[in-house]
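K.L.:
My questions will all concern the structure given below.
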Amino acid sequence: MKFDSSGVAAVKARADIVEIVRRYVDLRPVGGRLVGACPFHQETKGSFNVHPERGYFHCFGCQASGDVIDFYCRINGLEFREGLSRLADEVGVRLDSGRPDPRAGEKKRLRQACLDMHAVADAFFRRCLASPEGKAARDYLERRGIVPEVAAKFGLGYSPPGWQALEDFLKKQGFSPAQAATAGLLSKREDGRTWDRFRDRLIFPIRDVAGTVVAFGGRIMGEGDPKYLNSADSPIYRKGDHLYALCDARPSMAKSRRAILTEGYVDVITLHQFGYGDAVGVLGTALTPEQIKRLLGFCATVDLVFDGDGAGRKAALRSAEMLLAAGAACRVALLPEGEDVDSLLQTRGREAFEACLGGADEGLRYCFRAVSAMARKEQITWAEGFLGKVGDANLRAAYAPRVAAALGLSEAGLRGALADAVVRRQAAVPASRRRESPGLELNPRERCIVTFAARCPEYVPALRELGAGDYLSGPAARSLWARLAALGDGDPRLVFEELELDFVLEARRLGELTDEARRELFEEISGFLRATRGESARKELMEAMRRARAVGDTGEEMRLFAELNALLGRGDE
Ligand SMILES: [Zn+2]
């Protein structure tokens, strides 16, 4: 299904691109446009341009470009549809009709009230941490080695033990207990009685990617269960959507192109304190697809740092599978048993942590090692399950031989089982949610090459040199290639027809590749192109030799034979 284009147009008309970009980027006017430092790659120059009249942004550094919806999706790590519908909600457009949503005003007010209450609660908790009541929490931070400046940077607070402390404070600021319960700050019984959700806890504010507090996490200070408690879902917070400290880690991640992903709040804060500014946390749930999307908006490699115990190893396996399936590179570092990130750093320093990172396994290799302990049948189930999760066909084709080889399975058998699994999975997805096929007739090799050319335009000249143009002979592939080759750093919207444009934009939405991944993919493709080229040259030579032999021209035959050997790289053997 396509979204009604009037809905898309209405969102673009009502969402102010400048207002939305300004949430993340400082913009200054230059001529008729606005310029700032790109949020999608590390720079200070200000290659990022916004054209308010045309409703369009473009970065000369990393070639990111698009309209307000593209920007919103990319910065929030959302897929187009999801981003569009959230943005539509924000600006009050009903997507099915493109008309203003009659309930939009009310929804917007509710959201705003929730944000305001969180800002009030945030200030309240911080003040409590600094007050005499917060002594135990301050002592706890000291014991964990967190210095006050870092605690302040992460906005740590304390919720007093009373049942109505925050409730009373919010009331004074004009918020009713019912409102505060909707915001997830108070708990509410069926009879309407309300009380503070967080009591006697060290408070960790959870911020969205723009740095706005949308929820809290709390660690109990005295005895009691649960040890960690997070906000309930609310109009501004959905469990599993956010990563702890992502807004703080974003600038470092853009520079290092990786993220350190770990489990606990204190671990993340300690990592930052020790100079690992690209650390983020998973916030008390297993890693979710939404979190992965958010993360991969800013980096391409994820270092998973988990506990070395059974639970940690299991969580690492699951997280690595998900990251690999999403096309990210990942490494898995397990902590020595009995240690966690913060004890390791606090007692043994950066070197010990670096040693731990240095011993990390590449993600897929880690999975193989973890799976090798399983029974044969379970291994096969795992292999099928893992490959079935890989949405991108090129990626699946790249993983399948490695999986087959590592587990001693036949690749053909694996592919067969996999094809069944993919069909089953497709059937289980309602038709309305099925990803639209780009609709171009491309065989897998052609698709792989043109996808790469669309994602990494800087390699187009090298591909041309290797004869990609000759290889891409199907009509769809030929046309797409010709336009990609002519595109340079131009705007694809001006060059491509609808289906092709969908294909190119979809390819670019796959996310950015690291330089290393680009080189690797290029090597793979160039190896294949060279081999193909060699194969047709070999056929021609063999044919010419056959003709020379038929007419008894031994000299010509020997010359061709030497040429053939040179082509096959065999020298004079
Ligand atoms: Zn950029």
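The values are calculated or read from the model by the stated rules, or taken from the named source; none is laboratory data. Remember, predicted model here, so these are calculated numbers, not experimental data. Virtual Cβ from ideal backbone geometry, glycine too; neighbours counted across all protein chains shown. The area values use the complete protein model at the heavy-atom level, side chains included, leaving out ligands, DNA and RNA. Shrake-Rupley method; radii C 1.70, N 1.55, O 1.52, S 1.80 Å.
K.L.:
Are any of the residues in the range 281-295 buried (at least 22 other Cβ atoms within 10 Å of the Cβ), closer than 23 Å to LEU521 by Cβ and in the same structural domain as ILE260 (by TED's automatic domain parsing)?
P.N.:
Yes, because at least one residue in the range 281-295 is buried (at least 22 other Cβ atoms within 10 Å of the Cβ), closer than 23 Å to LEU521 by Cβ and in the same structural domain as ILE260 (by TED's automatic domain parsing).
K.L.:
From the list LEU243, LEU271, which residue is in contact with an Asp or Glu (Cβ under 9 Å, 6 or more places away or on another chain) and within 27 Å of LEU323 (Cβ to Cβ)?
P.N.:
LEU271
K.L.:
Return yes or no: is SER47 more than 16 Å from the ligand (Cβ to nearest atom) and of a type in the set (Gly, Ala, Ser)?
P.N.:
no
K.L.:
Kindly establish whether VAL302 is crowded, with 17+ Cβ neighbours inside 10 Å, of a type in the set (A, V, I, L, M) and touching an Asp or Glu at 6+ places or on another chain (Cβ under 8 Å).
P.N.:
no
K.L.:
Can you report the number of residues in the range 365-396 which are open to solvent by 50 Å² or more (accessible area, probe 1.4 Å) and in a helix (DSSP H, G or I)?
P.N.:
Total satisfying the criteria: 11.
K.L.:
In the range 51-65, which residue that is closer than 19 Å to VAL8 by Cβ and within 13 Å of the ligand (Cβ to nearest atom) is most open to solvent (accessible area, probe 1.4 Å)?
P.N.:
Looking at residues that are closer than 19 Å to VAL8 by Cβ and within 13 Å of the ligand (Cβ to nearest atom), I get SER65.
K.L.:
While we're on this one: Among the residues of the range 20-30, which ones are open to solvent by 90 Å² or more (accessible area, probe 1.4 Å) and of a type outside the set (Lys, Arg)?
P.N.:
ASP26, PRO29, listed by residue number.
K.L.:
Could you please let me know if ALA123 is without any contact (Cβ under 8 Å) to a residue 24 or more places away in the chain, small (Gly, Ala, Ser) and either assigned by TED's automatic domain parsing to the domain that holds VAL213 or within 18 Å of ARG207 (Cβ to Cβ) (or both)?
P.N.:
yes
K.L.:
Still on this structure: So which of LEU95, LEU84 is farther than 28 Å from LEU166 by Cβ and either assigned by TED's automatic domain parsing to the domain that holds PRO148 or not in a helix (DSSP H, G or I) (or both)?
P.N.:
Answer to the selection: LEU95.
K.L.:
Of the conditions (1) within 18 Å of LEU296 (Cα to Cα); (2) within 16 Å of the ligand (Cβ to nearest atom), GLY83 satisfies every one except a single condition; which number is it?
P.N.:
(2)
K.L.:
Next up: List, please: which pairs have Cβ atoms under 7 Å, are six or more places apart or on different chains, and start with a residue in the range 16-44 that is assigned by TED's automatic domain parsing to the domain that holds ASP67 and under 22 Å from SER256 (Cα atoms) and end with one that is more than 16 Å from the ligand (Cβ to nearest atom) and at pLDDT 90 or above?
P.N.:
GLY36/ARG28
K.L.:
Moving on to the next point. Consider the range 233-256. How many of its residues are closer than 15 Å to SER187 by Cβ and open to solvent by 40 Å² or more (accessible area, probe 1.4 Å)?
P.N.:
Selection size over the range 233-256: 1.
K.L.:
Here is a follow-up. What about VAL68, is it surrounded by 15 or more Cβ atoms within 10 Å (Cβ to Cβ), among the aliphatic types (A, V, I, L, M) and within 16 Å of the ligand (Cβ to nearest atom)?
P.N.:
Spelling it out, it is not the case that VAL68 is surrounded by 15 or more Cβ atoms within 10 Å (Cβ to Cβ), among the aliphatic types (A, V, I, L, M) and within 16 Å of the ligand (Cβ to nearest atom).
K.L.:
Still on this structure: Taking the residues in the range 11-35 that are assigned to a loop (DSSP other than H, G, I, E, B) and touching a Leu at 6+ places or on another chain (Cβ under 7 Å) as candidates, determine which candidate is farthest from the ligand (Cβ to nearest atom).
P.N.:
ALA15
K.L.:
While we're looking at this one, here's another question. Since PHE40 meets every condition but one in (1) more than 12 Å from the ligand (Cβ to nearest atom); (2) open to solvent by less than 10 Å² (accessible area, probe 1.4 Å); (3) at pLDDT below 85, which condition does it not meet?
P.N.:
The failed condition is (1).
K.L.:
Mind listing just one residue for me: the one in the range 36-73 that is within 18 Å of ARG250 (Cβ to Cβ) and in a strand (DSSP E or B) and, of those, farthest from the chain's Cα centre (by Cα)?
P.N.:
GLY36
K.L.:
Would you call ASP168 open to solvent by 10 Å² or more (accessible area, probe 1.4 Å), more than 16 Å from ILE269 (Cα to Cα) and assigned to a loop (DSSP other than H, G, I, E, B)?
P.N.:
no
Residues checked against (1) surrounded by fewer than 19 Cβ atoms within 10 Å (Cβ to Cβ); (2) outside any helix (DSSP H, G or I):
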| position | (1), (2) |
| --- | --- |
| LYS108 | yes, no |
| GLN112 | yes, no |
| MET117 | no, no |
| ARG126 | no, no |
| GLU149 | yes, no |
| TYR158 | no, yes |
| TRP163 | yes, yes |
| ALA181 | no, no |
